[in-house]
Amino acid sequence: MIIFPQRRFSLNCARGCHQRIRDRWDLTLECIRRYYQGEDSPIFKSLLKDKAFFDLFVDFKGYVDFFFLQDCVSEDYRKVNLWLGNDFFEKNPVPQNADEYLTFIGKEYDFLNKRNRRILNFKINM
């Protein structure tokens, strides 16, 4: 689970409703990465409203590490791994056919399984 501050027209609402993100976690994480770099994104204004929250993690690496999201990014934390396609915010992010859907869901489940193992290993090693 990933938490976001709750408020009217929240980040969670913005990411779910924006036509270039449509609730995709990989695209949301790219927006968060860009926020920490001071770069624009489709939901940059919503991210700015939650500056105090994101400041808690200091930087993108801190955010990724806190929420066990390492399997969503490159080793150097400079790139977010997309689950479908290779362009950020250029076209409709929703899978357009069965093959795209299966690719997307496969990558999403792969991430979830890896993240769950990462969390379990953290808990075991506490």
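Read-outs: derived from the displayed coordinates by stated rules, not from any lab. None of the values given here were measured: they were computed from a predicted structure.
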- prompt: Using the Karplus equation 6.51 cos²θ - 1.76 cosθ + 1.60 (θ = phi - 60°), what ³J(HN,Hα) coupling, rounded to whole Hz, does each residue of segment 109-126 give in order, writing x for Gly and Pro?
  reply: 5, 4, 4, 4, 5, 5, 5, 4, 5, 4, 5, 4, 4, 4, 5, 4, 8, 5
query: Per residue of the chain, what 222 nm ellipticity follows from adding -39500 (n - 2.57) for every DSSP H run with n ≥ 4, rounded to the nearest 500?
result: -15500 deg cm²/dmol
query: Over segment 11-124, with a single point scatterer placed on each C-alpha, what log10 of the ratio I(q)/I(0) does the Debye formula yield at q = 0.20, 0.21 1/Å?
result: -1.17, -1.27
- prompt: Among the lysines, which have Cα under 18 Å from the Cα of K51 when same-chain residues fewer than 8 positions away are ignored?
  reply: K61
message: Just want to confirm a number: the relative contact order over segment 11-124, from Cα pairs under 8 angstrom separated by 6+ residues, in percent.
response: 26
query: In terms of modelled amide H atoms, which long-range or inter-chain residues lie less than 5 Å from the amide H of V73?
result: N81
query: Rg to Rh ratio, segment 74-116, alpha-carbon atoms and Kirkwood radius?
result: 1.00
